[in-house]
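To keep things clear, I will list the structure first and then write my remarks on it.
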Amino acid sequence: MEKIEISVVIPFYNEADAIDAIFKAIIPVLKRTKLSFEVLCINDGSKDDTAERLIVYKEKYPQLKIINFSRNFGKDAALSAGLDLSVGKCVIPIDCDLQDPPELILEMLKKWKNGAEVVLAKRFDRSCDTIIKRTTAKLFYKIYNYLSDIELPENVGDFRLLDRKVVDVIKTFSERNRFMKGLLAFSGFRTGTVEYQRQKRSGGKSKWSYWKLWNYAIEGITSFSIVPLKVSTYLGIIMTLFSFIRGFWILFRTVIFGIDVQGYASLITAILFLGGVQLISLGIIGEYLGRVYIESKQRPLYIIREII
Ligand code: UDP
Ligand code: MG
């Protein structure tokens, strides 16, 4: 059997409207490389007719491999499955909505041939995203890179090229929490970059609500930084020092000027403030504890119903 050079991994979740466009765009690019390739289509528990439509394409292109999940496990799980099942000398995850242009693969391959082990695709222009999405994304990268030791390259999605070496390393990471961007940044390696303009979706709509993005951000931060856990310690120290000073002052005043029963406003403010701080601290500990709990169960990341 000939050795496969390129493995392309495409996650699909309710993407029946986008299937035609992605294959029409990506297959000619892959053929142009003159290298052997496989396309792993991860059907992440779609409820529409994504699975049936993929099978139609499989008949046309034998290089396709369809992996049907038993239910929806999320994009990061789909990517993990793609990495696990790929056999190519390099692996390229790409979204199915053509927001990442497939022609870029040619440029990535060039960098790879020149020795890069990871080739990042950087969006130099995100003007097709909404202003809220752009600002929140920027804020996230700022906070993340401030809190975490490992720099997360800004405006880089999952679209990138990974050498077999890198894929094999990532496969050894046993954690359930798959913040792929972070895992990839963590693994290091010689990195090249190509730039592109982020496109509008070819069809269908984004699966990301702001609530989902918020949770994703928390996931990312808690899995790569424990700085939030230390915040309450330092806040506690500051509070204690402050209360000592204040306490001595009140004691001193009482001794000199006698008892003074005023101060209801400051009392209630202090109680509410401290209550709030304590609850937030407990919440932060809970976030981490919950993740330890989930990790400790060691459940599978994804469940495959069938591979076609
Ligand atoms: N996706 C998936 N499982 C999910 C959500 C999304 O496999 O639970 C896939 C989706 O089909 C697409 C890719 O992940 O190929 C990116 O999704 P989307 O376009 O919604 O994200 P965005 O581009 O808005 O970040
Ligand atoms: Mg998209």
*Go ahead and run the numbers for FRET between Ser70 and Phe189, Cβ-Cβ distance against an R0 of 41 Å, rounding to 0.05.*
0.80
*Assuming a ≥ b ≥ c are the square roots of the Cα gyration tensor eigenvalues, decide whether the chain counts as rounded (a/c under 1.5), prolate (otherwise, with a/b larger than b/c) or oblate.*
prolate
*In debye, nearest 20: dipole of the chain around its Cα centre with unit charges on the Cβ of K, R (+) and D, E (-)?*
280 debye
*Taking a 30 Å limit on the Cα-Cα distance, which of the listed pairs Lys31/Lys133; Lys110/Lys171; Lys58/Lys138; Lys110/Lys205; Lys65/Lys133; Lys34/Lys205 fall beyond it?*
Lys31/Lys133; Lys58/Lys138; Lys110/Lys205; Lys65/Lys133; Lys34/Lys205
*With the convex hull built on the Cα atoms of the range 38-189, state its orientation-averaged projected area in nm².*
10.3 nm²
*Compute the FRET efficiency between Glu295 and Glu154 as 1/(1 + (r/R0)^6), taking r as their Cβ-Cβ distance and R0 = 35 Å, and round to the nearest 0.05.*
0.80
_the range 184-195 - phi-based ³J(HN,Hα) in whole Hz, Karplus 6.51/-1.76/1.60, Gly and Pro as x_ = 5, 5, 4, 6, x, 6, 5, 10, x, 9, 10, 10
*Sort the range 221-283 into rounded, prolate or oblate with this rule: let a ≥ b ≥ c be the square roots of the eigenvalues of the Cα gyration tensor; rounded if a/c is under 1.5, and if a/c is not under 1.5, prolate when a/b is larger than b/c, oblate otherwise.*
oblate
_For the range 1-76, what does the convex hull of the Cα positions come to per residue, in cubic angstrom?_
97 Å³
_Unit Cα scatterers, Debye sum, the range 1-41: log10 I(q)/I(0) for q = 0.15, 0.26, 0.31 Å⁻¹_ = -0.40, -0.94, -1.13
_Test of understanding: extend the Cα→C-beta vector of Glu103 to 7 Å, then name every residue of the range 1-25 with backbone N under 14 Å from that spot._
25
*asked:* When a/c reaches 1.5 or more, the comparison of a/b and b/c decides; with that in mind, is the range 122-229 rounded, prolate or oblate per its Cα gyration tensor?
replied: oblate
*Quick one: compute the contact order of the chain, relative version, from alpha carbon pairs under 8 angstrom and 6+ residues apart, as a percent.*
22 percent
*Based on the Cβ-Cβ distance of Val87 and Leu279, what FRET efficiency does E = 1/(1 + (r/R0)^6) give at R0 = 45 Å, to the nearest 0.05?*
0.35
_Cα-derived Rg to Rh of the range 35-107, Kirkwood definition_ = 0.94
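Every number here is computed from the coordinates shown, using simple stated rules; none is lab data. Keep in mind that this is a model prediction, so the values were computed, not measured. Every residue, glycine among them, receives a Cβ derived from its backbone with ideal geometry; neighbour counts consider all protein chains shown.
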